[in-house]
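Read-outs: derived from the displayed coordinates by stated rules, not from any lab. Keep in mind it's a predicted model, so treat the numbers as computed, not measured. Please note: Cβ atoms are built from the backbone with ideal geometry, for glycine as well, and neighbour counts cover all protein chains shown.
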Protein chains: 2
Amino acid sequence: MKRHRLQITLNDIAKELNVSVVTVSKALRDHPDISERTKQRIKKFANELGYTPNFSARNLSSRRSNTIGLIVPKIGNFFFPSLIKSIYKAANFQNYDVILMISYDDAENENRHLKTLLSMRVDGLLVAISEKTTDIQIYETIKKTGIPLVFFDRVIEGPEFSYVKIDDRQGACLAVEHAINTGYKRIAHLAGFKEINIGRDRCAGFVDAMKKHNLPVPENWIIEGSLNEEAGYNGFMKLCQNKNLPEIILTVTFSVAIGVFQAAIDLGLKIPEDIDVICIGEGPINPFASPSLSCVYQPIDEMGTKVVEVLIRQIQNLAAVPEQIILPPKLKVRETFVRQDEMAFPKR
Amino acid sequence: MKRHRLQITLNDIAKELNVSVVTVSKALRDHPDISERTKQRIKKFANELGYTPNFSARNLSSRRSNTIGLIVPKIGNFFFPSLIKSIYKAANFQNYDVILMISYDDAENENRHLKTLLSMRVDGLLVAISEKTTDIQIYETIKKTGIPLVFFDRVIEGPEFSYVKIDDRQGACLAVEHAINTGYKRIAHLAGFKEINIGRDRCAGFVDAMKKHNLPVPENWIIEGSLNEEAGYNGFMKLCQNKNLPEIILTVTFSVAIGVFQAAIDLGLKIPEDIDVICIGEGPINPFASPSLSCVYQPIDEMGTKVVEVLIRQIQNLAAVPEQIILPPKLKVRETFVRQDEMAFPKR
DNA sequence: TTGTACGCGTTATCAT
DNA sequence: ATGATAACGCGTACAA
């Protein structure tokens, strides 16, 4: 299996042009050392030969990759693809390439990807942890090694870590208060697991609002589960085993809401007539589907921009201490939906 | 901006353990040369130190990356995320890491990503071209350089290229014949641009079926556009400017169908009562949304598996000539929907 | 302005 | 079973 793919190197160009490797290297990188004339000559020739710099060699020698690693738990929903786009945009603007990996909400995958990205010596890491991530040892190690690391959305809390996230607690609270203002009193919550900040905080916000308005929360009206459609489906089914149904359900994510819709179909329940739904986070539920799904809007674009900002500050050693940014959510009564992914993507 | 991140190297371990670098290298890679005892000793120590092999150095020295580059046009729909998952699975199973890049349907992005991946010296490339890709020069160059390259779904046709795709023409034909069998005669097509195989072939299939059944196709009932929601929205609006409306519309993609649904809402048209829709490709349109959206199912999983197979064959030089695989589509009358992205993700 | 020498961390080859 | 040496392709420091 010996292959000889003739990748052009600086050496090849140098020999051919009767100059030194260094000259070629500098010329191609627009180093001021080299005269405009030779630069042009070298560039032209390199181009003709189809020269592609060797990332590894460059990386090894310069000890910089100009690359940041990005790990997300999933891409099958609305939220992360939008966020990824925003991160790409911000990173490219600063001349960083992004290497994207998907953990599929699995802690082992996440670990493996972290190691791969570390071995690539990315300049920094952007991570939204998986739902299953409980062992934070690797992150402590990374922290110790000094590699810039910023969490977003799904974060590990602790003074030593940087992150950018939504104020989930307030978000949930907003949603519930909206429901209450609309006239609902019997409210249930399909929650995320307590192990992850999102599940924890949003549930706390739910409880906050209910307490504030002196509304009771039957124990079995808070159902914990994953953050995906399946959890929504199962959670709703479970909820419906009770004799007394709530009037409205707050779901921890948009995906969970989708699952609820599906379950409602299967049970022959109409939304919002029989039971209503409100959720945190939005997505491409088609407007014709539910006339009434309100939600708490997450400032996705701002989050992407901010998290890249923070990371780059760290990469450039401008941030001495961890930064923790908490963005405000906003209530949004659904009208129409614009899919961010279809927006034009600006050039670098 | 001088940073000293102490990345442990083989050398560090070697010195500390009073062995040579080579021994450490071999031990960590389970080379048969090394005795079990020293292997254990070295591995244990390396672990304690948190050693992470340097991808670049390894890559440079071994001239293999064990990595394949993957470029997709978008991730904001159902199709590509599912496909990506299937590709990941297949690639990981063969011990390849995947580096994913997104072109956002922009030819420049695609080019830039290709160069980045080439510079990383990935072992092979998997590409679904952007809607805007017309200049295929870079692919010819890549082909000449001998780097394994396999297109999927959105492909560049030509005997010199390998690809795995759906039989789009037959798919469209199937869809239209289903519509005809259902009783529809007045059928329009929101098509993709002719520049891309998908737009071309699916439109041809549409025409095939109409001709076969002696049904007329008014010129303005074939409307070309992009493959996204926006195109569906605009296309439908344009279609509705005609005096005579079709009974059903075949959309080139699922995303386009979504756009049609949205436009229908805005126009106050009911689907399927006023006008029906059928499409190629499926997605998470909620079952409660449209009782009648049938579609042509694309064997996503098989496609992902196959394309990785073909690529790895090429990487291992087992395929002397380009391979072109065309998978059969299948008509699917929608009942319920299972989101592939939420399926369990098998470990490597 | 151009070139020389060396090192980056790893692996392959060839000894011992 | 273990080790010395030379690459891999490029960038930096310094010399010419």
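Between B:Glu282 and B:Gln298, the built amide H atoms are under 5 Å apart, and every one of these is 5 or more places off in sequence or on another chain.
Throw me the Rg/Rh for the range B:168-297, computed over C-alpha atoms with Kirkwood Rh, two decimals.
Looking at the range B:168-297, the ratio lands at 0.92.
Hey, what number do you get for chain B at 222 nm if only DSSP H runs of n ≥ 4 count, each worth -39500 (n - 2.57), divided across all residues, to the nearest 500? Display every interim value, and only then the final one.
Values: 12 runs with 147 residues, N = 348.
Helix-only estimate at 222 nm: -13000 deg cm²/dmol.
Cα centroids of the range A:56-70 and the range A:30-53: 22 Å apart. Here A:Lys238 is the anchor, and the aspartates and glutamates within straight C-alpha reach of less than 17 Å, apart from those fewer than 8 places off in the same chain, are A:Glu219, A:Glu224, A:Glu229, A:Glu230, A:Glu247, A:Asp266, A:Asp274, A:Asp276.
Determine which lysines satisfy two conditions relative to B:Lys15: a Cα distance under 18 Å, and not lying fewer than 8 residues away in the same chain. Counting by Cα, and skipping residues close in sequence, B:Lys15 has these lysines nearby: B:Lys26, B:Lys39, B:Lys43, B:Lys44.
Computed from point charges on the beta carbon alone (+1 for Lys and Arg, -1 for Asp and Glu), the dipole magnitude for the range A:168-297 about its Cα centre is near 360 Debye. Any chance you could check the Cα centroid distance between the range B:141-214 and the range A:110-186 for me, in angstrom? One Cα centre to the other: 42 Å. Taking amide H atoms as placed 1.01 Å from N in the peptide plane, the amide H of B:Val127 lies under 5 Å from those of B:Ile71, B:Val150, B:Phe151, B:Phe152, each 5 or more residues away in sequence or on another chain.
Out of every Cα-Cα pair in the range A:208-265, what percent are more than 19 Å apart? It would help to have the intermediate numbers written out before the result.
Details: 467 of 1653 pairs.
Value for the range A:208-265: 28 percent of Cα pairs lie more than 19 Å apart.
With label points set 7 Å from Cα along Cα→Cβ, the inter-copy distances at B:His213 are 5.2 nm, sorted shortest first.
Note on A:Lys330: lysines with a C-alpha under 29 Å away, same-chain residues under 8 apart excluded, are A:Lys74, A:Lys85, A:Lys89, A:Lys132, A:Lys165, A:Lys185, A:Lys194, A:Lys211, A:Lys212, A:Lys270, A:Lys306, B:Lys74. Across the protein assembly as shown, the fraction of Cα-Cα pairs farther apart than 35 Å, rounded to a whole number, is 49%.
Sorted from closest to farthest, the other copies place their A:Lys194 label points 6.5 nm away, with each point set 7 Å from Cα along Cα→Cβ. Sorted shortest first, the distances from the A:Val321 label point to those of the same residue in the other copies are 6.9 nm; each point sits 7 Å from Cα along Cα-to-Cβ.
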